[in-house]
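The values are calculated or read from the model by the stated rules, or taken from the named source; none is laboratory data. Given the structure is predicted, the values throughout are model-derived calculations rather than measurements. Heads up, the Cβs are rebuilt from the backbone with ideal geometry, glycines too, and the neighbour counts pull from every protein chain shown.
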């Protein structure tokens, strides 16, 4: 059992996991897990630090590899709480991939072949792809897809070129 845990790839994305981050990880654990990397915390402090007034749910903890490459952005469930669990992790580096090899630089076809796409949703400028088996969302730029911006009609898989690249990838953690 211990051998299996030690040999698991520490950069794997799966349901409720991104590398060493799992659904039981707290914000204070991030410092330990990424002790060899740089962490920049952007905390919401509301109006003059008053927790009850205008608190915005936008704390983010950016994890940079030594040398400056942005790896991940971690968002807590509860802002201003160091023991809060993780709400989501946005992946910026292709170091992190699913067991099937799908990451931020993968194509739409790679995602479609290896994972369960639940639905596609259009916003003014983006198409969001919901992936059920890893509870993640991937976004695609409408302009890159040849779909007019500011149109909100339904988008079908057949409208998306197989080689379309993603602009972002976020893994959502279940509580």
Exactly one condition in (1) part of a helix (DSSP H, G or I); (2) closer than 30 Å to residue 26 by Cα; (3) touching a helix residue (DSSP H, G or I) at 6+ places or on another chain (Cβ under 7 Å) is not met by residue 100; state its number.
(1)
Within the stretch 119-135, does at least one residue satisfy the condition of being in contact (Cβ under 8 Å) with a residue 40 or more places away in the chain and farther than 30 Å from residue 29 by Cα?
yes
Subset of the stretch 119-152 (residues that are within 23 Å of the chain's Cα centre (by Cα) and not in a strand (DSSP E or B))
123, 124, 125, 132, 133, 134, 135, 142, 143, 144, 145
Given (1) assigned to a loop (DSSP other than H, G, I, E, B); (2) at pLDDT 85 or above; (3) out of contact with any helix residue (DSSP H, G or I) (no Cβ under 8 Å at 6 or more places or on another chain), number of the condition residue 56 does not satisfy:
(2)
The one condition residue 163 fails out of (1) more than 26 Å from residue 60 (Cα to Cα); (2) assigned to a loop (DSSP other than H, G, I, E, B); (3) modelled with pLDDT under 95 is (3)
So residue 105 passes all but one of these: (1) under 24 Å from residue 34 (Cα atoms); (2) in contact with a strand residue (DSSP E or B) (Cβ under 6 Å, 6 or more places away or on another chain); (3) not assigned by TED's automatic domain parsing to the domain that holds residue 60. Which condition number does it fail?
(2)
Subset of the stretch 70-80 [buried (at least 16 other Cβ atoms within 10 Å of the Cβ) and not in a loop (DSSP other than H, G, I, E, B)]
71, 72, 73, 74, 75, 76
Being in a loop (DSSP other than H, G, I, E, B), closer than 24 Å to residue 24 by Cβ and over 16 Å from the mean Cα position of the chain (by Cα) is true for just one of 155, 83, 95. Which residue is that?
83
Tally of residues being in contact with a helix residue (DSSP H, G or I) (Cβ under 6 Å, 6 or more places away or on another chain) and modelled with pLDDT under 90 across the stretch 125-151
1
